Every structure is written in structure tokens, then in C-alpha cells.
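Student: Just dropping this structure here.
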Amino acid sequence: MYGGGYIPKEESRKTVSNDDPEMLATFEERVTRGEKVEPRDWMPAEYRRQLIRMIEQHAHSEIIGALPEGTWITRAPGFRRKLALMAKVQDEVGHAQLLYSAAETLGKSREAMTNDLINGKSKYSNVFNYPAKTWADVAVIGFLIDAAAIVNQVANSKGSYGPYCRALERICYEESFHLKQGHSVFVYLATGTPLQRSMLQDALNRWWKPIMHFFGPSDEMSEHTLTLMKWKVKMATNDDMRQQFLSLYVPKIQELGLTLPDAELRKDPESGKWLFGDPDWAEFFAVIRGNGPCNAERLAVRKAAEVNGAWVRQALRQADAQYVTPLA
Ligand code: BYC
């Protein structure tokens, strides 16, 4: 069940106005000065709820995110690629552990988070609800999804909540290796045989829309951005992060002679902003509400892991109880 201080969504919204105005003002001054907020510090109920929501979703994204690439470990072309992919997938699961621990500092138990994931109550990143059909999908995920994650996480690691920022800093170091691994596979295929190039182009075509969605809905549709930016949980808007990603990575894709499946994608010379076609937000919302091509499969795998691992957790709890010396 929930630990101290955690208030579920409906009740927390009611308590926002109950925050002591003086405490709230002091808190906001601290955040504005750039101080880190730590678990035992006073914080508004809505700040706590928003952080739990976001960190928990992030943790779920890491653990579910290990699944599409994980299916390629047994089929990786060669020993070196297999080793690198195994290490990468293991890192992603490790990121989930770090993030679940960071979310637990806010009062929601790991067990409650896992239950909310497998019961379909919590969200996780849209991108992991699509299938990894070929080895080229591993290249696109490792290069471009990890790159997108770095854009998001480097920004948010400068945020206000200490445990989340420290977890993000460590995660970003590891993601940089993932990006190199993805880039290496991506360039290898892009400069390979016509068949390898067309396999990569096909993967890029399929993943482009989900990658554009990865940064969240456009700013005018975003529900939480204003609140999260005020409290420095989020350090850039969804559209700003999307623009940053496009500026950094579209040229790298194009210089390899690959194309992107959006005829309207171009940089406007006057504003310096990237223009793009309709991102199809209807598909995004359908996917994050559980109706993507792989949502059911992903949750079924996670649920099976939970059920099959129950005896291990029980054995560990028993071993723990046996070895803890009672206080005199
Ligand atoms: N997918 O008000 P908004 C990785 C939801 S894994 C699903 O803009 P916010 C990797 C949003 O939750 C790293 N849902 O939200 C792992 C909200 O719904 P609720 C993944 C999304 O929070 C393995 C509603 O839409 N990164 O790198 O201000 C292998 C309204 O949106 C998404 C993170 O998790 C989405 N893409 O901003 C390889 C980063 N976008 O909760 C790689 C942490 C939005 O009200 N999260 N929604 O029901 C964030 O930075 C922010 O939560 C977001 C969204 C920018 C994603």
C-alpha cells in the first residue's frame, strides 16, 4: 500500500489549496533559487503527486523498454553485437531500479507501482508499444530513441527533486553508451548492402511517428507542463525538446542518405524552427490509453515476470526475516 505522504490523484487535487501559503511561498523561493528538494523536506501535495506520476512512468518505460530490444538478444548478428545488446538491455532494467527507488522516496511503494503497471493503470512511454520487427529496429531504438531520451533527461537532470536528478545523471552516462551502440549498428546498416539499407529505411519509416510522439503532445495540448516547469521538475517544454532533437539528429540521418517519412519536414530559415506534417496525435493518445499494437503483449510479459518471480521474492523475504537480529 501507499507509504506516508503519498496521496492518490483525486484527493491530492483537493488538497492543493490546503497547502500552507507560507510554506508554499518558501518552497517556491527555494526552487527558484535552484536548491534541490530532498525527500524529508516539506513539499506541496501536488508537487509530490506529479513527481510520483512522472518518475513512476519513467521507471515503467525503462523496464518495458527492455522488451522490444530484448527479443533481439538471441538473434543478434554475431557475438560482439550480442554482448553489447545484452549489456544495454541490462542497463535499461537497472535504470528502472534507480527510478523506482527515487519514486519510493516520495511515499509510493514499489509493489503499488508494479501493480498499477500490470493492471494498466499507469502509463509508460508510447514508443515501446510498437514491435521491433527486424535487426534494423534495434539500430533505430538504440540510436534515435536513446538520443531522444538523452535530450529529455539531460534537461530534467537539472531539475529540483534531488533523488530524481541524481538518478537521471547516472542514467545519462549509460545512455550515452547506448547511443554509441545504436549509432554503430545504424551506420553499419546505412553503409551496407542495398538490402541492409532498405531494412534500415523501413525501420526508420515505421519508427519516425512514435519518435516524434516520444516528447509528449504539443505544448498547447500538454496538461502538466506549466505546473512542472514552475516547480522545475520539467526543464523544457515538449515542443522545445522535440525541436532540439530534430536539430541534432535530422542532419545525422540525412547525411547517411536516408529519408524521413514526412514530406513537410524542413527547417524554417526565418524562425530556425523545424516544421513538420500532422504528427497524428490521435494515434498517440490511442497508444498511451492502451490501444497500441503491442500494449497487451508488453503488459502480459511484465505480468508473467511478476507471477513467475513471486517465489523468489517470498524466499528473499523469508531469508531476510531469518537473518535480521531482533533489537535487544
Ligand atoms: N508516452 O501533460 P503532458 C528510454 C502522457 S525510457 C506515454 O505533456 P508531461 C529507453 C502524460 O503522462 C525513457 N505517455 O505530460 C528505455 C500525460 O498523461 P497522464 C522514457 C505520455 O508529464 C529502454 C499526458 O500524456 N522517458 O529512454 O508534462 C530502451 C499529457 O502529457 C507521453 C521518460 O519517461 C509518452 N511519450 O510530459 C531505450 C521521461 N508523453 O499522466 C530507451 C520522463 C506524454 O496525465 N517523462 N504522455 O495520464 C517526461 O519527461 C514527461 O513525462 C513527458 C510528458 C515529456 C514524457
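Student: Among (1) modelled with pLDDT of 95 or more; (2) in a helix (DSSP H, G or I); (3) not β-branched (V, I, T), which single condition is E11 missing?
Tutor: (1)
Student: Next up: Mind listing whichever residues of the range 24-42 are touching a helix residue (DSSP H, G or I) at 6+ places or on another chain (Cβ under 7 Å) and over 10 Å from L106 (Cα atoms)?
Tutor: Passing the criteria: K36, V37, W42.
Student: Can you work out which of the residues in the range 54-63 that are within 6 Å of the ligand (Cβ to nearest atom) and out of contact with any Gly (no Cβ under 9 Å at 6 or more places or on another chain) is farthest from M86 (Cα to Cα)? Before you say what the answer is, go through the steps one by one.
Tutor: Quick first cut of the range 54-63, residues within 6 Å of the ligand (Cβ to nearest atom) only: 54, 57-58, 61-62.
Narrowing the set further to residues that are out of contact with any Gly (no Cβ under 9 Å at 6 or more places or on another chain) leaves 54, 57-58, 61.
Numbers: M54: 27, Q57: 23, H58: 21, S61: 18 Å.
Across the range 54-63, the extreme among qualifying residues is M54.
Student: Quick check on S184: is it crowded, with 22+ Cβ neighbours inside 10 Å, more than 11 Å from the ligand (Cβ to nearest atom) and of a type in the set (S, T, N, Q)? Give the derivation first.
Tutor: Values: crowded, with 22+ Cβ neighbours inside 10 Å: no; more than 11 Å from the ligand (Cβ to nearest atom): yes; of a type in the set (S, T, N, Q): yes.
Answer is no for this residue.
Student: Quick one: would you say G142 is touching a residue at least 24 places away in the same chain (Cβ under 8 Å), touching a helix residue (DSSP H, G or I) at 6+ places or on another chain (Cβ under 7 Å) and not in a helix (DSSP H, G or I)?
Tutor: Values: touching a residue at least 24 places away in the same chain (Cβ under 8 Å): yes; touching a helix residue (DSSP H, G or I) at 6+ places or on another chain (Cβ under 7 Å): yes; not in a helix (DSSP H, G or I): no.
Judged against the criteria, G142 is not a match.
Student: Could you count how many residues in the range 99-134 are assigned to a helix (DSSP H, G or I), farther than 16 Å from L67 by Cβ and away from the ligand (no atom under 12 Å from the Cβ)?
Tutor: So the first thing to find is which residues in the range 99-134 are assigned to a helix (DSSP H, G or I), and the list is 99-104, 110-118, 126-129.
When the remaining residues are screened for being farther than 16 Å from L67 by Cβ, the result is 99-104, 110-113, 115-116.
When the remaining residues are screened for being away from the ligand (no atom under 12 Å from the Cβ), the result is 100-101, 104, 110-113, 115.
Residues that pass the stated criteria total 8.
Student: Residues of the range 220-261 being open to solvent by 30 Å² or more (accessible area, probe 1.4 Å) and more than 16 Å from the ligand (Cβ to nearest atom), which ones?
Tutor: Answer for the range 220-261, where residues must be open to solvent by 30 Å² or more (accessible area, probe 1.4 Å) and more than 16 Å from the ligand (Cβ to nearest atom): S247, P251, K252, Q254, E255, L256, G257, T259, P261.
Student: Considering only residues that are more than 12 Å from A136 (Cβ to Cβ) and touching a residue at least 12 places away in the same chain (Cβ under 8 Å), which ones fall in the range 188-213? Can you show your working first?
Tutor: Of the range 188-213, the ones more than 12 Å from A136 (Cβ to Cβ) are 191, 193-194, 208-213.
T191, W208, K209, P210, I211, M212, H213, listed by residue number.
Student: What's the number of the only condition in (1) open to solvent by less than 40 Å² (accessible area, probe 1.4 Å); (2) within 27 Å of H183 (Cα to Cα); (3) under 17 Å from the mean Cα position of the chain (by Cα) that F214 fails to meet?
Tutor: Of (1) open to solvent by less than 40 Å² (accessible area, probe 1.4 Å); (2) within 27 Å of H183 (Cα to Cα); (3) under 17 Å from the mean Cα position of the chain (by Cα), only one is false for F214: (1).
Student: Output the number of residues of the range 278-322 satisfying the condition of being touching a residue at least 40 places away in the same chain (Cβ under 8 Å) and of a type in the set (A, V, I, L, M).
Tutor: Counting residues in the range 278-322 that are touching a residue at least 40 places away in the same chain (Cβ under 8 Å) and of a type in the set (A, V, I, L, M) gives 4.
Student: Please enumerate the residues belonging to the range 64-91 that are within 13 Å of the ligand (Cβ to nearest atom), open to solvent by 60 Å² or more (accessible area, probe 1.4 Å) and not in a helix (DSSP H, G or I).
Tutor: Within the range 64-91, T71 is the sole residue that qualifies.
Student: How many residues, within the range 271-328, are over 30 Å from D239 (Cβ atoms) and aromatic (F, W, Y)?
Tutor: 2
Student: Now for a separate question. Of all residues in the range 105-117, count the ones that are buried (at least 16 other Cβ atoms within 10 Å of the Cβ) and more than 17 Å from the chain's Cα centre (by Cα).
Tutor: 5
The values are calculated or read from the model by the stated rules, or taken from the named source; none is laboratory data. These numbers were taken from a predicted model, which means no experiment stands behind them. With ideal geometry, Cβ positions are generated from the backbone for all residues, glycine too; neighbour counts draw on all protein chains shown. Please note that ligands, DNA and RNA were not included when accessible areas were found on the heavy atoms of the full protein model with its side chains. Shrake-Rupley method; radii C 1.70, N 1.55, O 1.52, S 1.80 Å.
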